[in-house]
Every structure is written in structure tokens, then in C-alpha cells.
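Structure first, then comments.
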Amino acid sequence: MERLDKVLASTGRWSRREAKELIREGRVLVDGQPAGSGEQKVDPAGTALLVDGQAVAVSRFTYVMLHKPAGVLSATEDPRQETVLDLLPEHLRRRGLFPVGRLDKDTEGLLLLTDDGALAHRLLSPKKHVDKRYYARLDGPLGPADQAAFREGIVLADGTRCMSAELELLGDGREVLVTLHEGKFHQIKRMTLSRGVAVCYLKRLSMGPLHLDPGLPKGGWRLLTDEEVAKCGGKT
Ligand code: URA
């Protein structure tokens, strides 16, 4: 049995203070009865919780979709630079979330943060070949020969061989969509450099079944929906 305010806050939707406020305002029902106080003990697994008439799913883990802006590190802490965790509110920052994989400091787009280590492992495992799709703007055009080279498997300047990847050309080929099935350090930047052009702008659009929510502004975040958590193999 756990405190009701703690259980409500564990959903990531409210801080403990906000949860207490909801309870005080009579907006929380526990098994059909108005909740008494934040200290009330409930069974997180076996109690029907409603807030404003909506069922509240209590999950062991927290899953956050972030629209990472450029200029922020994909790390949990850094003595000098802003990290992706600094973009989250205090009650989420205290939860031990970490980014699932890294985007370069200047790369934008989809980043998942969670405290579910097993899910992170599954999404990042090199054996699982989870697709990652990016939009890139380049300082010169790529063409059909480069598409064939991407398909074949690019060999980077240091001799590293990449897996087959998809390159879609947009317009004159200075804008592209790239789908990777692995995740090497600076991979897209190094792949395009091996074809003679540099990345000017890079944004991740999707990772496995998870797509960046077009409604999220840069720096914005939201919790994954139950459907997204289930698609990623997380625990709802
Ligand atoms: N490839 C890169 O070069 N950078 C990223 O951040 C992600 C993929």
C-alpha cells in the first residue's frame, strides 16, 4: 500500500503538490469514493483511480517524448552545459530518467527518456536493428549513386563498415531522409561526408514505432500514450 499523492505523482502527470491539490478539490475518486487526503493508503495495482472522471493508469515506469532542440546535451547531468533533463519539470527530473540513446548536441528531434532500463536496452540493442529515421539538410546534393552506396553499406573514413541504410532524396538532393538500422557515433554526418557532402541540419523523426509528435514545439515534452508505450514494449 502506498500514499495516494505518491501514487498519483508516479504517473508523471502531476507533482506531489499538484496531486494533493486535486485531492483537496475533491477531483479524485478512489474505488468510487472521494479521496480523503494525500496520506490515504491505496494499492497501486488494485485500486480504481479517477481524476475528473477519467481513469488514471498507474505505471511502474515513466516514458517521456522530448522534442530535443539544438544546443542541449543528451546526458543526465553536466557541470557546464544544459542537458535534456534540464528541459523537464522538477517532479520528472527527480525520477532517474535517462535518454534512450544519444543525439548530437546540434541534432534536434525525437528523444525518448525513461527509467525503464529493459525497454532502453531493447530499443538500443545492436541485435534488434531498430529503425531510426532522420531528416537532413546538406551543403551539396546527393543523388542516385549515393542511394546505391547507402544501400550497399557505406564504409566510413576510419574503415568502419555501416549496415545497409535507406537514402531518400527530396527536391534537388540537398535535403534527404535517412533510415538507419543501427546507431554509430555521428553516423549520418560521417556517412554523408564519405560521399563528399556535410550535414548542415539534422533532425530525428522516428525511432522504431515512436514518431515525433508534430504538435510538440522544440524543447517541448509529453508523456507517451499507453498505446505508444505498448508499441515500444514498455509497461503500461
Ligand atoms: N547521426 C548523426 O550524425 N548525429 C546524430 O545525432 C544522429 C545520427
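What the table shows:
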item: Of the criteria (1) under 17 Å from Ser206 (Cβ atoms); (2) in contact with a helix residue (DSSP H, G or I) (Cβ under 7 Å, 6 or more places away or on another chain), which one His67 fails; result: (2)
item: Hits in segment 16-28 (condition: surrounded by fewer than 17 Cβ atoms within 10 Å (Cβ to Cβ) and either closer than 14 Å to Asp5 by Cβ or in contact (Cβ under 8 Å) with a residue 24 or more places away in the chain (or both)); result: Arg16, Arg17, Glu18, Glu21, Arg24, Glu25, Arg27
item: Within segment 144-183, tally of residues that are within 13 Å of the ligand (Cβ to nearest atom) and of a type in the set (Gly, Ala, Ser); result: 2
item: Qualifying residue in segment 31-45 (condition: closer than 30 Å to Leu210 by Cα and either touching a His at 6+ places or on another chain (Cβ under 7 Å) or not in a helix (DSSP H, G or I) (or both)); result: yes
item: Inter-residue pairs, beta-carbon under 9 Å, first farther than 22 Å from Pro126 by Cα and in segment 182-200, second near the ligand (Cβ under 7 Å from one of its atoms) and open to solvent by less than 30 Å² (accessible area, probe 1.4 Å), 6+ apart; result: Val199/Thr107; Val199/Ile188
item: Scan of segment 50-109 for residues that are open to solvent by 60 Å² or more (accessible area, probe 1.4 Å) and within 16 Å of the ligand (Cβ to nearest atom), ordered by number; result: Gln81, Arg102, Lys105, Asp106
item: Residues satisfying the stated conditions in segment 8-44, i.e. farther than 16 Å from Arg94 by Cβ and modelled with pLDDT under 90; result: Asp43, Pro44
item: Members of segment 29-49 that are within 21 Å of Lys235 (Cα to Cα) and open to solvent by less than 70 Å² (accessible area, probe 1.4 Å); result: Val42, Asp43, Pro44, Gly46, Thr47, Ala48, Leu49
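The values are calculated or read from the model by the stated rules, or taken from the named source; none is laboratory data. Because the structure is a prediction, the values reported are computed rather than measured. Reconstructed Cβ throughout: ideal geometry from the backbone, glycine too, with neighbour counts over all protein chains shown. SASA here: full protein model, heavy atoms, side chains in, ligands and nucleic acids out. Shrake-Rupley method; radii C 1.70, N 1.55, O 1.52, S 1.80 Å.
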